[in-house]
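Trainee: I am attaching a structure below and will ask some questions about it afterwards.
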Amino acid sequence: MKDGICPKCQTATVHRRLEGITHGGGGIYISTYSNGAERCDVAYYICATCGYMESYLDDEEKRSDVARTWRKVK
């Protein structure tokens, strides 16, 4: 979706907004063992044609915390 094309319906009607959806008091919180739960900026991508949505944690440091402290899917 980051390329502007919806992977579900193949249209170029994808729109992006940072913090476009609110979870728990104005943000989404990512928990890691090293820092507890911190508010994180999340970018949302939504297809205006079919409604498919993806979200991305854009903060590289927070992604590193997740990789270090969350269990990897096998």
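Trainee: Can you name every residue in region 48-74 that is of a type outside the set (Val, Ile, Thr) and loosely packed, with under 13 Cβ neighbours inside 10 Å?
Mentor: Result: Ala48, Gly51, Asp58, Glu60, Glu61, Ser64, Ala67, Arg68, Trp70, Arg71, Lys72, Lys74.
Trainee: Same structure, new question: Looking at the structure I just gave you, is Gly27 among the small types (Gly, Ala, Ser), surrounded by 13 or more Cβ atoms within 10 Å (Cβ to Cβ), in contact with a Lys or Arg (Cβ under 6 Å, 6 or more places away or on another chain) and at pLDDT below 85?
Mentor: yes
Trainee: Specify the residue that is nearest to Ala12 (Cα to Cα); the eligible residues are those in region 45-74 that are within 13 Å of the chain's Cα centre (by Cα) and part of a loop (DSSP other than H, G, I, E, B).
Mentor: Asp58
Trainee: When the residues of region 30-44 are narrowed to those that are at pLDDT below 70 and part of a strand (DSSP E or B), which ends up nearest to Arg71 (Cα to Cα)?
Mentor: Residue satisfying both the conditions and the ranking: Thr32.
Trainee: Of the residues Thr69, Thr49, Thr13, which is at pLDDT 70 or above, in contact with a strand residue (DSSP E or B) (Cβ under 8 Å, 6 or more places away or on another chain), under 18 Å from Asp3 (Cβ atoms) and of a type in the set (Val, Ile, Thr)?
Mentor: Of the residues listed, the single one that is at pLDDT 70 or above, in contact with a strand residue (DSSP E or B) (Cβ under 8 Å, 6 or more places away or on another chain), under 18 Å from Asp3 (Cβ atoms) and of a type in the set (Val, Ile, Thr) is Thr13.
The values are calculated or read from the model by the stated rules, or taken from the named source; none is laboratory data. Values in this document were obtained by computation on a predicted structure and should not be read as measured data. Here the Cβ is made from the backbone with ideal geometry for all residues, glycine too, and neighbour counts use every protein chain on show.
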